[in-house]
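In what follows, a structure is listed as structure tokens, so that the remarks can point back to it.
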Protein chains: 2
Amino acid sequence: MYQLLSDLSIVEVSSFVASPTAGLYCAQMGAEVIRVDQIGGGLDYDRYMQTSEGRSLAWENLNRAKKSVALDLKSAEGRELCVELARKTGQLITNLPEKSFLSHAAVSAGRPDMISVRIMGWHDGRQAMDFTVNAASGYPLMTGPAEWDQDTAPPVNQVLPAWDFITGAYCAFTLMAALHHRAATGEGNEVRVPLGDVAIGTVANSGALAEMLYRGGDRPRLGNAIWGALGRDFASRDGQRFMVAVLTPNQWNAMVAALEIAEPIAALEAQAGVEFAKSDHNRFVHREALFAIVQEAAGKLDYAELAERLTRAGATFERYRTMFEAANDPVLVTDNPLFGPSPANPSGFAYPAPRSFAHLGGAAPADPAPAPYLGQHSEEVLATRVGLSSGAIHALIDRGVVAPSDRDGLRKTS
Amino acid sequence: MYQLLSDLSIVEVSSFVASPTAGLYCAQMGAEVIRVDQIGGGLDYDRYMQTSEGRSLAWENLNRAKKSVALDLKSAEGRELCVELARKTGQLITNLPEKSFLSHAAVSAGRPDMISVRIMGWHDGRQAMDFTVNAASGYPLMTGPAEWDQDTAPPVNQVLPAWDFITGAYCAFTLMAALHHRAATGEGNEVRVPLGDVAIGTVANSGALAEMLYRGGDRPRLGNAIWGALGRDFASRDGQRFMVAVLTPNQWNAMVAALEIAEPIAALEAQAGVEFAKSDHNRFVHREALFAIVQEAAGKLDYAELAERLTRAGATFERYRTMFEAANDPVLVTDNPLFGPSPANPSGFAYPAPRSFAHLGGAAPADPAPAPYLGQHSEEVLATRVGLSSGAIHALIDRGVVAPSDRDGLRKTS
């Protein structure tokens, strides 16, 4: 962990992926992030994969380095505690609806400098999740083999919940932007970020929305080929699949040199009357002929030799791995300074865990912090942030409004 | 545009998607973002789709609301100007390598409070792009039809450059975090964010890395089904495809009510000896039987009626659209307050463009600003930021070190 945000406290009332991610990024930068959950766990406390004891490996990775407070958010008293905690902290990330008990009006009462970042579904208040905004975005009907007929091709969902992760990172950014503005003006803000707007807005930011309107129709199916440039998956003699990306003259020259295909390339250039080295456009238009040349050369060598040649020439390529392979890959994980040991996870299962994606010059990062047990910091946070006495807290625990750590066993309500 | 960052100036020396996105998000929040490019355009100035005049619709959407300075970055003089501009501005976003002329050491010389955010390929300095880190992540071998045999299934690349967009948003966040730290301590920072670390780190943050290690193997193929919950694409009687997501009791009850499938569900519950309403686990384990019930009900109704019923019941669902449909959808674009008119694009093509994804309470957003012409602000920026005289700037233009706007025609060097 790097400590760029060590003077910042944030209350996170959240579930699933996008809002926990926003809090996670802040926590990995040293902020005190206090996640508040329903006693027994919120809607995401069971998310797959669970260990045999019922601990969610998703939850324990999306909530690393945070503190946990467990409240009965179905009770008026628990809700008021949650509102008061957010208000006294001054910064809130949530995916609860504006019309819930945790409205900006409630948390900012008497506190005009309050900052709330609220993740919504669609901008008009309709519910949405990553899976559903993705269906609307157009990407699933562009994904999958090029040979599939566009008119009958089924949608192919991306497995990565990309909209959630973009939204989470964007919300961490907007929180910091609102803090920047408050530091200059004293003003608070409610910032609402609809997941659906992140999806259709990203289609637009990428240029694809303008592209569709300019063309007056959909992009042709490309399979794994890169749009407007040269690149695709290829197979080595020993059956390894790898992706090659050529979007610059250097990448082109490297690939041609590594595969020793200057001769057939020159023949194709002469035949087609074009030059490839400086033109993405020419490489894209003639991609099928180029793919055939590249695949023929790749198929003559085992992957180890191909990788050695491509690396030496400075090409941009990568072997496809299954995720299990990736998880065990020394270059990606075990020997990667992004990762560190995480022996004290709530699941009891020890594995390498990532730090912040940001590497800071000179600073030696601490080991990744584990996620809390649910309710682990209920007493500490209510004492330090809300100012409750030990007696008052224990009375709340006795009445079931507050719960302490679930370390000694999951306290599921269902 | 909202003006949370109107007191902030950033120099962006960038190309492709991730680093321009970081600058875009800041510009859409009111920051002055000065993008510096090679005269004639950098590596991404031609990115598809191009208009018939050769204007890139990708470039003009990833660089909205920015200023543009065109320099000969192959010359020592142009490089020194670029370094000086970054140094005098104090904040830099770049994807140039640390070993380039734009090292942190160069831009921070005499300026210990300098903040650089540098996007890299892999953490060890190897080149990477979205396409290649994706191959390593494991996702392409989990994507595609469930029926495909895992051992022979080809990789399926996601079409969305998700790693670029997550990295871009994350880098905007890290820039703000470094600014926050500087405001408190006076310290600058170099922040390096490897695209490859964002990919494998996101696999880990999602819990999937721990999942693979805990299971000791890959996740079974799921096609479009949601992992650990209930959801998939279904088809209506009139052939519309839609995604339904059920991850909460409310979503379950809504779907069952809307499709009037309580009876077959009760029969399945009795037969399997389980209850579905409160358990993602049960719904996932019995997903094939549940999918059959849902598809049978969906197939009896046209989409319009299905959508009406699902909406009324409060289900979470969405129709798959092609991207051309999405781009023309009033709910997503034309009637969505995220979008506004953008008549003054460099391409001359007018279309709706997005503002910041963040909606701020009370503030009425301005129309989306267009991208600049390449070099449009060369003279202004070199005068105001570097302090050059008009005579000095024109001498640089005469020598080909600086170029003015390419409005009157693309000035391609190749």
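What follows draws every value from the coordinates through simple rules; no lab data is involved. What you see is a predicted model; the values in this text were computed from it and never measured. Cβ coordinates were reconstructed from backbone atoms using ideal geometry, including for glycine residues, and neighbour counts include every protein chain displayed.
Numbers below:
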{"item": "Nearest-first distances (nm) between copies at residue B:98, label 7 Å from Cα via Cβ", "result": "4.5"}
{"item": "Positive dipole terminus of the protein assembly as shown, leading residue within A:400, B:132, A:163 (C-beta point charges)", "result": "A:400"}
{"item": "The range B:121-237, relative contact order [Cα under 8 Å, separation at least 6], %", "result": "35 percent"}
{"item": "DSSP-defined beta bridges in the protein assembly as shown - what % are antiparallel, rounded to 5", "result": "45 percent"}
{"item": "Hits among aspartates and glutamates - C-alpha to C-alpha of residue A:74 under 20 Å, sequence gap 8 or more where chains match", "result": "A:12, A:37, A:44, A:46, A:84, A:98, A:379, A:398, A:406"}
{"item": "0 to 90° range, to nearest 10: angle between helix A:76-89 axis and chain A longest Cα axis", "result": "70 degrees"}
{"item": "Förster-model FRET efficiency, 25 Å R0, residue B:262 and residue B:302, C-beta, rounded to 0.05", "result": "0.70"}
{"item": "Cα-based Kirkwood hydrodynamic radius, chain A, one decimal, Å", "result": "24.4 Å"}
{"item": "Calculated [θ] (222 nm, deg cm²/dmol) that DSSP helices of n ≥ 4 give over chain B, each run adding -39,500 (n - 2.57)", "result": "-11000 deg cm²/dmol"}
{"item": "Spherically averaged projected area in nm², based on the convex hull that wraps the Cα atoms of the range B:48-113", "result": "5.8 nm²"}
{"item": "Förster radius 41 Å - calculated FRET efficiency between residue A:278 and residue B:364 (Cβ-Cβ, nearest 0.05)", "result": "0.35"}
{"item": "Unit charges on C-beta of K, R, D, E only; dipole of the protein assembly as shown, Debye", "result": "1040 debye"}
{"item": "The protein assembly as shown: C-alpha pair distances exceeding 38 Å, %", "result": "39 percent"}
{"item": "Of B:173, B:148, B:291, farthest towards positive along the dipole that unit charges on Lys, Arg, Asp, Glu beta carbons give chain B", "result": "B:173"}
{"item": "Cα-based reach from residue A:67 at 30 Å (exclusive), listing lysines while leaving out same-chain residues under 8 positions away", "result": "A:88, A:99, A:412, B:278"}
{"item": "Shortest-first nm distances, residue B:331 label point to equivalent points in other copies (7 Å, Cα→Cβ)", "result": "4.5"}
{"item": "Rounded to 10°, Cα long-axis angle of helix A:303-313 versus longest principal axis of chain A", "result": "90 degrees"}
{"item": "Alpha-carbon centroid distance for the pair the range A:303-331 / the range B:263-319, whole angstrom", "result": "43 Å"}
{"item": "Cβ-vector label at 7 Å, residue B:3, separations to other copies in nm", "result": "3.7"}
{"item": "Alpha-carbon centroid distance for the pair the range B:207-256 / the range A:1-78, whole angstrom", "result": "23 Å"}
{"item": "In degrees, nearest ten, helix B:287-298 long axis to first principal axis of chain B (Cα)", "result": "90 degrees"}
{"item": "Sparsely packed trypsin sites (Lys or Arg not before Pro) within the range B:87-161, loop by DSSP, other Cβ within 10 Å at most 15", "result": "B:99"}
{"item": "Coordinate range along principal axes, alpha carbons of the range A:1-93, Å, largest first", "result": "38, 37, 19"}
{"item": "Note, ³J(HN,Hα) from phi for the range A:154-163, Karplus 6.51, -1.76, 1.60, rounded to Hz, x at Gly and Pro", "result": "x, x, 10, 6, 6, 6, 5, x, 5, 5"}
{"item": "Among B:220, B:107, B:91 the positive-end extreme of the charge dipole of chain B (Cβ point charges)", "result": "B:107"}
{"item": "Cα centroid of the range B:333-366 to Cα centroid of the range B:112-162, whole Å", "result": "30 Å"}
